[in-house]
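Scroll down for the structure; my scribbles are underneath it.
The values are calculated or read from the model by the stated rules, or taken from the named source; none is laboratory data. Since we're looking at a predicted model, the values are computed, not measured. Every residue, glycine among them, receives a Cβ derived from its backbone with ideal geometry; neighbour counts consider all protein chains shown. Note: areas computed on protein heavy atoms with side chains; ligands, DNA, RNA excluded. Shrake-Rupley method; radii C 1.70, N 1.55, O 1.52, S 1.80 Å.
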Amino acid sequence: MDPLRTVQTRAPSAPGALVPLLGLDGPELAALAEGLGLKPFQARELYRWLYARRQTDPTRWTTLPRAAREALAAGTRTGVPELLGDQRSGDGTRKLLLGLADGQAVEAVYIPDGARRTLCISSQVGCAVGCTFCLTARMGFARNLTAGEILGQVYAAEARTDLGGRPYNVVFMGMGEPLLNRAAVEKALGLMQDPDGMAISWRRITVSTSGLADALLEFARSPVCPRLALSLHAAKDELRGRLMPLNRAYPLPRLRQVLQELTHRERERVSLEYLLLGGVNDSDADARDVARFARGLKVKANLIHFNPAEGLPYRRSTEERGRAFQEILVAEGVPTSIRRSRGLDILAACGQLAKAGWRDPFPEAAP
Ligand code: SAH
Ligand code: SF4
């Protein structure tokens with residue numbers, strides 16, 4: 001099957017003018033509540049039902065008057081995406097295909113790892129950045145997700161996995177470039193981190209960016225900015241430009257300048273994500289380039305083995321090469337880990353999110 005064939009999505013499910021509840025912040029919910037004749041303290045209750053208790057069905061908001069509950073149920077929708085597919089990998093990883101109200105779909109990936117559990121979510125439908133090693137790039141860019149659709153992935157995943165209850169990690173490493181959808185991502189991050197709401201600590205959230213330097217600097221100033229990861233993949237402009245066309249707009253000296261500023265601001269270490277592409281960027285000399293780039297910066301490196309997919313013109317580095325690369329970085333004083341690939345067999349690993357490998361759930365809608 002053509003791995004790049006996107007799933008046939010539904011016709012828009014015509015939600016009418018119903019307001020999606022998820023994604024509304026405190027003041028927006030207060031306005032909604034006021035329109036229903038509720039008091040400010042009841043608006044805060046509404047917020048807690050929705051975000052702290054993860055209860056998206058207004059008819060269950062039992063501390064509110066019945067009439068208000070019924071009006072809310074009739075006039076709003078939850079905004080939790082519909083589960084269109086749930087693929088399980090042999091290693092426990094699960095890829096959820098989630099349908100949005102307009103017929104688009106995104107993927108979220110649940111990754112258990114012993115006691116540690118991570119949810120990888122998307123920020124856009126597709127991606128416009130065009131990295132040459134990434135499957136999402138191949139599907140092009142469809143649209144930004146709303147804050148509610150970003151949070152909806154968390155709700156959908158919590159409802160179907162053992163997430164929830166205990167703290168877990170959220171990484172913005174699914175489809176899309178978060179910093180090209182900053183307004184919605186920041187709104188979602190604010191709601192996620194609110195101790196009176198979803199209460200997910202910033203320490204457990206990582207936003208990964210391909211390196212839009214200016215947006216990164218602004219984002220880092222935002223009070224909702226959690227941990228940061230920067231997809232580096234090469235420490236020489238010529239090579240990085242070949243792998244990531246965006247490097248021409250934001251070359252390495254500029255990115256380094258931004259990291260320097262972050263270093264001075266006492267931020268957590270930024271994680272430099274480095275995809276090992278066999279014979280392309282994985283030599284000893286490449287490792288020394290990365291070490292030189294990292295010198296004096298408050299960073300750590302995270303090596304990722306390339307996840308191959310049909311049509312991507314690269315191959316994996318060997319395990320030995322990965323370890324040799326890591327040893328050079330560590331010897332040069334850069335804390336370096338190697339990320340294990342998870343969910344490879346179901347195309348759920350990094351860079352493999354492209355709505356491929358799904359059975360068409362709506363065959364009758366096919367042209
Ligand atoms: N757009 C953001 C976040 C999503 S991509 C970014 O690029 O950082 C998340 C991570 O997956 C990035 O580090 C990206 O470089 C990596 N990735 C992309 N394609 C990959 C592939 N084929 N194999 C392994 N990792 C990949
Ligand atoms: Fe977009 Fe990230 Fe894929 Fe690059 S690696 S195309 S920025 S999703």
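For the range 82-346, give the percent of accessible area contributed by carbon and sulfur heavy atoms, probe 1.4 Å, rounded to a whole number. Summing carbon and sulfur atoms, their accessible area is 49 percent of the total for the range 82-346. Between the helical axis of 66-75 and the dominant principal axis of the chain, each derived from Cα atoms, what acute angle in degrees is found, rounded to the nearest 10? That works out to roughly 50 degrees. Per residue, the solvent-accessible area of the range 13-77 (1.4 Å probe, heavy atoms of protein chains only, all protein chains present) comes to 54 Å². Per-residue packing, averaged as other Cβ atoms within 10 Å, sorts the ranges 174-181, 140-147 into the order 174-181, 140-147, beginning with the highest.
Projecting the Cα atoms of L232, A294, L100 onto the charge dipole of the chain (Cβ charges, centred on the Cα centre) puts A294 farthest toward the positive pole. Remark on the range 98-140: hydrodynamic radius 12.1 angstrom, per the Kirkwood mean of 1/r across alpha carbon pairs. Computed from the C-beta positions of E70 and D25 and an R0 of 22 Å, the FRET efficiency is 0.40 to the nearest 0.05. The convex hull of the Cα atoms of the range 13-77, projected and averaged over all directions, covers 4.1 nm². Amide H contacts for G85 (H built 1.01 Å from N in the peptide plane; partners 5 or more residues away or on another chain; cut-off under 5 Å): L97.
Here K39 is the anchor, and the lysines within straight C-alpha reach of less than 26 Å, apart from those fewer than 8 places off in the same chain, are K187.
Once the Cα atoms are used to define both axes, helix 319-331 deviates from the longest principal axis of the chain by about 80 degrees. Counting every alpha-carbon pair across the chain, the share separated by more than 39 Å comes to 17%.
At full extension, D57 and R166 could sit 37.0 nm farther apart than now, given 0.36 nm per residue minus the alpha carbon distance.
Phi-derived couplings, Karplus 6.51 cos²θ - 1.76 cosθ + 1.60 at θ = phi - 60°, listed residue by residue for the range 100-114: 9, 4, 9, x, 6, 9, 10, 10, 10, 10, 9, 10, x, 8, x Hz, with x used for Gly and Pro. Put simply, the amide H of L276, placed in the peptide plane, has neighbours under 5 Å in I304, H305, F306, leaving out anything fewer than 5 places away on its chain. Relative to the longest principal axis of the Cα atoms of the chain, the long axis of helix 182-193 makes an angle of roughly 70 degrees. Peptides 79-85, 311-317, 95-101, ordered by how many other C-beta atoms sit within 10 Å of their residues on average, highest first, read 95-101, 79-85, 311-317. Here's how it looks for R143: its modeled amide H is under 5 Å from those of V125, which are all 5 or more places away or on a different chain.
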